[in-house]
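The values are calculated or read from the model by the stated rules, or taken from the named source; none is laboratory data. This is a predicted model, so every value here is computed, not measured. Note: ideal-geometry Cβ built from the backbone for every residue, glycine included; neighbour counts use all protein chains shown.
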Amino acid sequence: MLEALRPDPTFYPSPSLAMEGDAEHFTYTVLLSPDGSRPDALAVVDVDRNSQSFGKVVHRLDMPNVGDEFHHFGWNACSSSLSPMSGHAFLKRRYLIIPGIRSSRIYIVDTQLDPRRPTIARIIEPEEVLHKTGYSRPHTVHCGPEGIYVSTLGGAGPDGTDGTPGVFIMDCETFEILGKWEIDRGSQKLHYDFWWNLPRDYMVSSEWGLPPQFENGLVPEDLLGNKYGHAVHFWDLRARKLVQTIDLGANHQMALEVRPAHDPVREYGFVGVVVDTRNLEGSIWTWMRQPDGQFTATKTITIPPEPADEPSLPPILKPFGAVPPLISDIDLSLDDRFLYVACWGTGELRQYDVSDPMAPRLAGSVRVGGVAKHAKHPSGRPFGGGPQMTEISRDGKRVYFTNSLYSTWDRQFYPEGVPGVQVMCHVAPNGGLTLDPEFCVEFGREYGAHQVRLEGGDCSTDSFCYSSA
């Protein structure tokens, strides 16, 4: 009984205390069926080097439906539950909330009875999501002090364009959908990622596009017409009100992952832009809160395209004679020192020292996959696609990544296919990356691999309420 009244030991007040916690022993990785012919799945991968099953899938939980397209997912509760504003003092990091971005169905997966063999606790059908929120295509999941926040990419209607996408809230104990989060959305029309600074009481969100712009693949006419998202929005978290929008420029297409500094006294963060339509560059922008409360955003990293021979390019890139980096994910270490940038097009994972967030410095890089180069893993195994969803261990010593972006986009940029793979890099103390030659988890051609979650929490899950010493 007393055990149930203690806070979950995987909740940490500050980022530095989280870094001192136990290392992860396994990961949860979502698998998607590229052609929708079989159910998506959740794989449990052993990452304990002392285990006999290190680098192997120890369990796979198959879902009962087809056509979900697993993408991003998250926990029901995390370190934000230690907030003074929390009304749920004894929550556990027990359930994984896994949305189907294509079906709008949500799976609640229980990891408590046996963390290596999770089970489905509940399924929320798309009709309930639409009825209670008016939204569809659930995407990013974040656990807050008072509930589970889920961003969406679509509104109502068959193609998701009837109404504006946004964020809805779920009860973190019953998983009932409570309704839309926004009270005053202002000029916000598109959505993608979101995150926040809880003590400072603001949220940041970004933009991708509406379902017709991504579900059947990238629409070249919309991209060259600068019709994808290119703005970052800042919200009053408690008032649920949009307070400022920064347009990065229409040529900066698809402002995707948002990564605020983990230490709440640091009021800055980063957002990745997939491509600049003027020159095919990818870019990272640093946003920062100024003394007057307003936010600014400055381009602090640019990554150029790489020239390539036309025969090595898929049809969508042949007219350009080059491969854009296609920045599809970024992730920030818990000490706010290293930012990792996944260049899905060129097959490179870059590591930047962002100790000075306005002057990032390239500190390391590994290459595997890539549209034109098809670089093999150090084990000698082929790697389809390129570095994609990236996750950092809490101590900052290991970086995991997978290789699938989205089924229809995979086929456009990698027509030969993107069989699901998960790999791991080791991080040197002062920067530098090395791919582990012994860790290359292959899920087979029948699955793509997307986001990874770590046992006990990770760098793109937890929100901290107290500053590091």
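Applying a threshold of 6 Å to beta carbon distances and a minimum spacing of six or more residues, or different chains, the list of pairs starting in the range 290-312 at a residue that is closer than 21 Å to R350 by Cα and charged (D, E, K, R) and ending at one that is at pLDDT 95 or above and buried (at least 19 other Cβ atoms within 10 Å of the Cβ) reads K299/S283; K299/W285; E306/V323; E306/T346.
Scanning the range 400-422 for residues that are closer than 17 Å to C459 by Cα and in contact with a Leu (Cβ under 7 Å, 6 or more places away or on another chain) gives a single hit, F401. When L42, L91, L82 are checked against the criterion of being within 20 Å of C440 (Cα to Cα), crowded, with 18+ Cβ neighbours inside 10 Å and either of a type outside the set (D, E) or out of contact with any Pro (no Cβ under 7 Å at 6 or more places or on another chain) (or both), a single residue qualifies: L42. Here G385 fulfils each of the conditions (1) more than 17 Å from R445 (Cβ to Cβ); (2) within 21 Å of the chain's Cα centre (by Cα) apart from (1). The sole residue among G163, G144 that is in contact with a strand residue (DSSP E or B) (Cβ under 7 Å, 6 or more places away or on another chain) and touching a residue at least 24 places away in the same chain (Cβ under 8 Å) is G163. Taking P291 as the residue in question, decide whether it is at pLDDT 95 or above, loosely packed, with under 13 Cβ neighbours inside 10 Å and over 21 Å from the mean Cα position of the chain (by Cα). It is true that P291 is at pLDDT 95 or above, loosely packed, with under 13 Cβ neighbours inside 10 Å and over 21 Å from the mean Cα position of the chain (by Cα). Among the candidates E128, E146, the residue that is under 23 Å from the mean Cα position of the chain (by Cα), of a type outside the set (A, V, I, L, M, F, W, C) and surrounded by fewer than 20 Cβ atoms within 10 Å (Cβ to Cβ) is uniquely E146.
Of all residues in the range 227-241, exactly one satisfies the criterion of being closer than 13 Å to L190 by Cβ and over 22 Å from the mean Cα position of the chain (by Cα), namely K227. The sole residue among I97, I106, I120 that is surrounded by fewer than 23 Cβ atoms within 10 Å (Cβ to Cβ) and at pLDDT 95 or above is I120. Out of curiosity, is R93 touching a Cys at 6+ places or on another chain (Cβ under 9 Å) and touching a residue at least 24 places away in the same chain (Cβ under 8 Å)? Answer is yes for this residue. Apart from one condition, T133 fits all of (1) touching a Pro at 6+ places or on another chain (Cβ under 8 Å); (2) among the polar types (S, T, N, Q); (3) buried (at least 22 other Cβ atoms within 10 Å of the Cβ); the exception is (1).
Mind checking which residues of the range 414-426 are among the hydrophobic types (A, V, I, L, M, F, W, C) and either over 20 Å from the mean Cα position of the chain (by Cα) or closer than 13 Å to P378 by Cα (or both)? Of everything in the range 414-426, those that are among the hydrophobic types (A, V, I, L, M, F, W, C) and either over 20 Å from the mean Cα position of the chain (by Cα) or closer than 13 Å to P378 by Cα (or both) turn out to be V423, M424, C425.
Looking at P34, is it farther than 25 Å from C459 by Cβ and crowded, with 17+ Cβ neighbours inside 10 Å? Judged against the criteria, P34 is a match.
So, in the range 411-469, of the ones that are of a type in the set (V, I, T) and at pLDDT 95 or above, which residue ends up nearest to P34 (Cα to Cα)? Filtering first and then ranking leaves V418. On the given criteria, is V265 closer than 20 Å to M389 by Cβ and in contact (Cβ under 8 Å) with a residue 40 or more places away in the chain? No. Restricting the search to strands (runs of 3 or more DSSP E) fully inside the range 353-469 and requiring at least 2 residues that are within 30 Å of L113 (Cα to Cα) gives 390-392, 398-401, 420-427, 433-444, 448-454. Of the set (1) within 30 Å of V323 (Cβ to Cβ); (2) in a loop (DSSP other than H, G, I, E, B); (3) more than 18 Å from the chain's Cα centre (by Cα), all apply to V265 but (1).
Residues in the range 40-90 that are under 16 Å from F464 (Cα atoms), assigned to a loop (DSSP other than H, G, I, E, B) and either under 21 Å from the mean Cα position of the chain (by Cα) or among the β-branched types (V, I, T) (or both): N76, A77, C78. For the range 91-122, the tally of residues that are closer than 30 Å to P158 by Cα and more than 20 Å from the chain's Cα centre (by Cα) stands at 3.
Looking only at residues of the range 168-207 that are surrounded by fewer than 16 Cβ atoms within 10 Å (Cβ to Cβ) and among the hydroxyl-bearing types (S, T, Y), we find that the one that is nearest to S463 (Cα to Cα) is T174. Going through (1) assigned to a loop (DSSP other than H, G, I, E, B); (2) exposed (fewer than 13 other Cβ atoms within 10 Å of the Cβ) one by one, P311 falls short only on (1). Of the candidates F168, F175, the single residue that is of a type in the set (F, W, Y), at pLDDT 95 or above and at positive phi is F175. Please enumerate the residues belonging to the range 116-146 that are among the small types (G, A, S) and on the phi > 0 side of the Ramachandran plot. Listed by number, the list holds a single entry, G134.
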